[in-house]
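My questions all concern the structure below.
The values are calculated or read from the model by the stated rules, or taken from the named source; none is laboratory data. In this text the structure is predicted, and so the values were computed from the model without any measurement. Cβ placement follows ideal geometry from the backbone for every residue including glycine, while neighbour counts extend to all protein chains displayed. Heads up: the accessible areas ignore ligands, DNA and RNA and are worked out on the full protein's heavy atoms, side chains in. Shrake-Rupley method; radii C 1.70, N 1.55, O 1.52, S 1.80 Å.
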Amino acid sequence: MTVDWVSFTPWSALIGGVMIGLAAALLVVFNGRIAGISGMLGGLLTPRQAGNGERLLFVLGLLLAPLIYWVVHSRPTMVIEAGPVALVVAGLLVGFGSRMGSGCTSGHGVCGLARLSLRGFVATLAFMGAGFISVFLLRHVWGA
């Protein structure tokens, strides 16, 4: 395994991580809400629920941020080594896992760990472990 040092960008990753942490902290301090994406999106799909304006702004921010980035910077080259069927199946599995785990990676991994939540820690271990095992099986055992 080699590291692509030209594409290694620790400063932008650090700044992005700080911004995510700051947004999550501000949301919990001022609104008492956890910044989990599946909870935000799921809350929008539930009619007449308090806080839908905040949820809508949060989700719009997620959708608009890449577009704003592309205005300032050139679009990065993306290579997706999976077909459309695999991407749809993967998306459905992630959604199903988020429902089963009562939250997604952002809710458990970012907010749960920051709050020293045992449930968030166990969930983070579970999805990270599942990801490691999936990559190992797909790349090294089945050769996909």
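Name, by its number, the condition in (1) surrounded by 13 or more Cβ atoms within 10 Å (Cβ to Cβ); (2) at negative phi that does not hold for G51.
(2)
Would you check if L137 is over 19 Å from the mean Cα position of the chain (by Cα), of a type in the set (A, V, I, L, M) and open to solvent by less than 60 Å² (accessible area, probe 1.4 Å)?
yes
Consider only pairs whose beta carbons are under 9 Å apart and that are at least six residues apart or on different chains; among these, list those whose first residue lies in the range 14-25 and is under 14 Å from G109 (Cβ atoms) and open to solvent by 40 Å² or more (accessible area, probe 1.4 Å) and whose second residue is of a type in the set (G, A, S) and assigned to a helix (DSSP H, G or I).
I20/S106
Of all residues in the range 96-129, how many are assigned to a helix (DSSP H, G or I), open to solvent by less than 50 Å² (accessible area, probe 1.4 Å) and more than 23 Å from L22 (Cβ to Cβ)?
First, pick out the residues of the range 96-129 that are assigned to a helix (DSSP H, G or I): 96-100, 105-114, 118-129.
Still in the running and open to solvent by less than 50 Å² (accessible area, probe 1.4 Å): 97-98, 106-109, 111-112, 120, 123-124, 129.
Adding the requirement that they be more than 23 Å from L22 (Cβ to Cβ) leaves 97-98, 129.
The total comes to 3.
Could you tell me which of the residues L67, L63, L57, L93 is of a type in the set (A, V, I, L, M, F, W, C), closer than 28 Å to L125 by Cβ, without any contact (Cβ under 8 Å) to a residue 12 or more places away in the chain and assigned to a helix (DSSP H, G or I)?
Just a single option satisfies the conditions, and that option is L93.
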